[in-house]
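Here, each number is a calculation from the coordinates, and none is a lab measurement. Since this is a predicted model, take the numbers as computed values, not measurements. Every residue, glycine among them, receives a Cβ derived from its backbone with ideal geometry; neighbour counts consider all protein chains shown.
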Amino acid sequence: MKLKLACADFTWPLVTHDQSLDICAMLGFDGVDIGLFEDRSHLWPSKEFKNIGKSAKALKQKLDARGLKPADIFLQPASDFASLAANHRDPEKRKISRDFFAKTIEYTVECGGKHSTALPGVHCEGESREDSLKRSSEELAWRVEVAKKAGVTFSVEAHIGSIVPTPEEAETLVKLTPGLTLTLDYTHFARVGMPDSRVEPLVKYASHFHCRGGCKDRLQASFKHNTIDYARILEVMNEVNYPGYVGVEYVWIDWEHCNETDNLCETVQFRDFLRSVNLN
């Protein structure tokens, strides 16, 4: 496996988007995870999608000028998990969510990307988890086909607050949905005290990966306090011939204590650590 490292543009929300991309390039990353997060990232889908050809071309030019590749285009069409969830009970809400996704794939292609991430949906109030999961699988299957036709690999991130908050439920969703892959982030499981061994079976389903410090009771932690064995993860990735980027994904938001780390220093430490692991 050839290690390809990415850094997220949303790691640096207090600077301009150009400056964020500058930092990613100066730190020597191969690619960038682009966040399309409504109301909370540099690039909002509602704004970028007003003229996809123009906005995607502008992004591509910025990336090309810095020698960066679009490692992943990550869509979150609302500032919360539920209001435009892929598996929303309201058909009109699902239609809006589908439209955002279709435009994301068009945007991904136009900016030269080959991978897109979205969220898997939530447990909808007033129904069983089984029904919510079934609808999630149906909606994600539609997305898989849209992405496939465009030559884009599609994945979802199993996260805190999602319909698949455990590794076992995430695996169930993938098996229910042919072609679906994962953007795998161990920190969502470490946060609630799950050992790496429970998460490891998911590596074979991953097409993108998020790396940052994590430990019990902290979704985002420093390199020093991290308890996730990333050297072991890279070994498993090598064994399964993992095809994607490893994105160092520190964020800075007022949620889950994610504004309590020095993102620059932590990003550099993880970059250097990942490069130091011998994969031969």
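For segment 196-239: of the residues being under 20 Å from the mean Cα position of the chain (by Cα) and of a type in the set (Val, Ile, Thr), which is surrounded by the fewest Cβ atoms within 10 Å (Cβ to Cβ)? Once the filter is applied, the top-ranked residue is 236. None of 157, 171 is closer than 16 Å to residue 87 by Cα and not hydrophobic (A, V, I, L, M, F, W, C) except 157. The condition of being of a type outside the set (A, V, I, L, M, F, W, C), surrounded by fewer than 23 Cβ atoms within 10 Å (Cβ to Cβ), in contact (Cβ under 8 Å) with a residue 40 or more places away in the chain and assigned to a helix (DSSP H, G or I) does not hold for residue 54. Of the candidates 74, 29, the single residue that is of a type outside the set (S, T, N, Q), over 15 Å from the mean Cα position of the chain (by Cα) and surrounded by 21 or more Cβ atoms within 10 Å (Cβ to Cβ) is 29. Examine segment 238-251 for a residue that is of a type in the set (S, T, N, Q) and closer than 26 Å to residue 42 by Cα, and state whether such a residue exists. No, segment 238-251 has no match at all.
State all residues of segment 1-51 that are among the β-branched types (Val, Ile, Thr) and part of a loop (DSSP other than H, G, I, E, B); if no residue qualifies, say none. Passing the criteria: 15, 16. Check whether at least one residue in segment 111-124 is over 16 Å from the mean Cα position of the chain (by Cα), in a helix (DSSP H, G or I) and surrounded by fewer than 21 Cβ atoms within 10 Å (Cβ to Cβ), and report yes or no. Within segment 111-124, none of the residues are over 16 Å from the mean Cα position of the chain (by Cα), in a helix (DSSP H, G or I) and surrounded by fewer than 21 Cβ atoms within 10 Å (Cβ to Cβ).
Residues in segment 60-104 that are under 19 Å from residue 39 (Cβ atoms) and in a helix (DSSP H, G or I): 93, 96, 97, 99, 100, 101, 103, 104.
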